[in-house]
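K.L.:
If you scroll down you'll find the structure; I have some questions about it.
The values are calculated or read from the model by the stated rules, or taken from the named source; none is laboratory data. Computed from a predicted structure; not experimentally measured. Every residue, glycine as well, gets a Cβ built from its backbone with ideal geometry; the counts of neighbours run over all protein chains shown. Calculation scope for accessible area: heavy atoms of the full protein, side chains included, ligands and nucleic acids excluded. Shrake-Rupley method; radii C 1.70, N 1.55, O 1.52, S 1.80 Å.
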Amino acid sequence: MPERNIVLITAATGNAGPHAAAHLLEAGARVRALVLPDDPNAGRLPEGVEIHHGDLGDPDSLDAALEGVDGVFLMWPFFSLPVDTAPAVLKKIEATARRVAFVSSVGVHIGLEPVDNNCHAYIEHLLERTSLEWTFLRMTGFHCNAMAFAEQIRNGDVVRYPYGAATRTPVHESDLAAVGAEALTSDGHGRKKYLVSGPEELSQAAQVRIIGEVTGRDLRWQDIPRDAARQAMVDSGWPAAYVDGSLDYFEALSKEPEASSNVVEEVTGRPARTFRSWVVEHVDAFR
Ligand SMILES: NC(=O)c1ccc[n+]([C@@H]2O[C@H](COP(=O)([O-])OP(=O)(O)OC[C@H]3O[C@@H](n4cnc5c(N)ncnc54)[C@H](OP(=O)(O)O)[C@@H]3O)[C@@H](O)[C@H]2O)c1
């Protein structure tokens, strides 16, 4: 690892950021987290992380956080922030850093996300045009997406959504973070486009069954019509185009399982964690 290995994590207090911080600290990096000034979740970051206040929507606010940085664990909070400022943010990163690990999506890997979608594919496109040593972590679904089932499970034994047969290869947030930390602290990962998946194919209904086994309950899945789910998702604030895209994807996954890889083990030397292990860690959320 180079002497000046300072790594900045963006979107640091989300689901993956605290894990990224833990793995980077373990690898011996000096870790900074870019955190919005009034972020109530800053306490989720492990001890030893230097907090820098800044906003990805205001590129000049990143100057202090980026000073002397060697690597950036880049995540873009697509749900809450448009990508208008991404070109300026990447220019600032390119001016100081050598490496970027960007958390992208399986959607790019399988050609579902076009570059003009203003999402992961667009940021990959921008990074490819920089002099940075970039590594793309094209994620399948995070294990924590199963938190979407938690409220229904706390209130009853049936989870109602469309496409229970949709089969994903979900990945533990800590595993994706470990791959990114490795890419930023060791050689040989530049210009790699990694598909990062978990170790098993699991339908949505199977995920609910596993939550039932861990909590000692007889939980069941019940498919509901797509239109009803779409309306509920749009009413709760999800962008309509995103809702349609993800429902199309789940319909496709009902016929053919999601892509998978052995990247976690190949890059970290440790087997990828199972969904069951994630449920055990988060069992209280389902009680
Ligand atoms: N979930 C999946 O299955 C999946 C699959 C593929 C790819 N991904 C990608 O994985 C990445 C990480 O996801 P995640 O769930 O860990 O995090 P996330 O929900 O995308 O990001 C949330 C984080 O971003 C921060 N944030 C919001 N607006 C900001 C701004 N203007 N400037 C700086 N920070 C801001 C939030 O702070 P506050 O807490 O203060 O709001 C929070 O720390 C995302 O880019 C996502 O697209 C996820």
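K.L.:
If the label point is 7 Å along Cα→Cβ of R226, which residues in the stretch 245-271 have backbone nitrogen under 14 Å from it?
P.N.:
Only 245-256 pass the distance filter.
K.L.:
Let me ask something else about it. Report the label-to-label distance for N262 and D244 in nanometres (one decimal), using points 7 Å from each Cα along the Cα→Cβ vector.
P.N.:
Distance between label points: 4.1 nm.
K.L.:
For E251 and R129 in one chain, what is 0.36 nm times their gap in residues minus the Cα-Cα distance, to one decimal in nm?
P.N.:
Values: separation 122, 0.36 × 122 = 43.92 nm, distance 3.40 nm.
In short, 40.5 nm is gained.
K.L.:
Can you list the aspartates and glutamates whose alpha carbon is less than 20 Å from that of K255, not counting same-chain residues fewer than 8 positions off?
P.N.:
Once the sequence-local aspartates and glutamates are set aside, what remains near K255 is E113, E200, E201, D223, D227, D244.
K.L.:
Now a separate question. Can you check how the C-alpha radius of gyration of the stretch 56-124 compares to 2.2 N^0.38 Å, as a plain ratio?
P.N.:
Numbers: Rg = 12.5 Å, N = 69, 2.2 N^0.38 = 11.0 Å.
Taking N as the residue count of the stretch 56-124, the ratio is 1.14.
K.L.:
Could you pull the Rg and Dmax for the stretch 201-287, using just the Cα atoms, both in Å?
P.N.:
Looking at the stretch 201-287, its Cα Rg and Dmax stand at 16.0, 44 Å.
K.L.:
Rank these residues by their accessible area, most exposed first, probe 1.4 Å: M147, M233.
P.N.:
M147, M233
K.L.:
Tell me, what % of the accessible area of the stretch 199-284 is carbon and sulfur with a 1.4 angstrom probe?
P.N.:
Taking all protein chains in place, the stretch 199-284 shows 50 percent carbon and sulfur surface.
K.L.:
Now a separate question. Only sites in a loop by DSSP and with at most 12 other Cβ atoms within 10 Å count here; which GluC sites (Glu not before Pro) in the stretch 10-60 make the cut? Spell out each step's value before the answer.
P.N.:
On the way: sites: E26, E47, E50; in loops: E47.
Filter output for the stretch 10-60: E47.
K.L.:
Throw me the Rg/Rh for the stretch 1-116, computed over C-alpha atoms with Kirkwood Rh, two decimals.
P.N.:
So for the stretch 1-116, dividing Rg by the Kirkwood Rh gives 0.95.
K.L.:
Expressed in nm², what is the orientationally averaged projection area of the convex hull enclosing the Cα positions of the chain?
P.N.:
Values: hull surface 57.7 nm².
Quarter of the Cα hull surface area: 14.4 nm².
K.L.:
So which lysines can K92 reach, going by Cα to Cα under 28 Å and dropping same-chain residues fewer than 8 places off?
P.N.:
Of all the lysines, those that pass the test against K92 - Cα under 28 Å, at least 8 places apart if same chain - are K192, K193.
K.L.:
Another one. Can you put F73, F250 in order of accessible area, largest first, using a 1.4 Å probe?
P.N.:
Ranked from most to least accessible, the order is F250, F73.
K.L.:
Where the accessible area of the stretch 78-175 is counted over protein heavy atoms with a 1.4 Å probe, how much of it, in %, is carbon and sulfur?
P.N.:
The computed percentage sits at 51.
K.L.:
Leaving out ligands and nucleic acids, note down the accessible area per residue over the chain with a 1.4 angstrom probe, in whole Å². Provide the component values of the computation, followed by the final result.
P.N.:
Numbers: 13070 Å² over 287 residues.
Per residue, the chain has an accessible area of 46 Å².
K.L.:
Find the relative contact order for the stretch 67-137 and round it to a whole percent, using C-alpha pairs within less than 8 Å whose residues are 6+ positions apart.
P.N.:
37 percent
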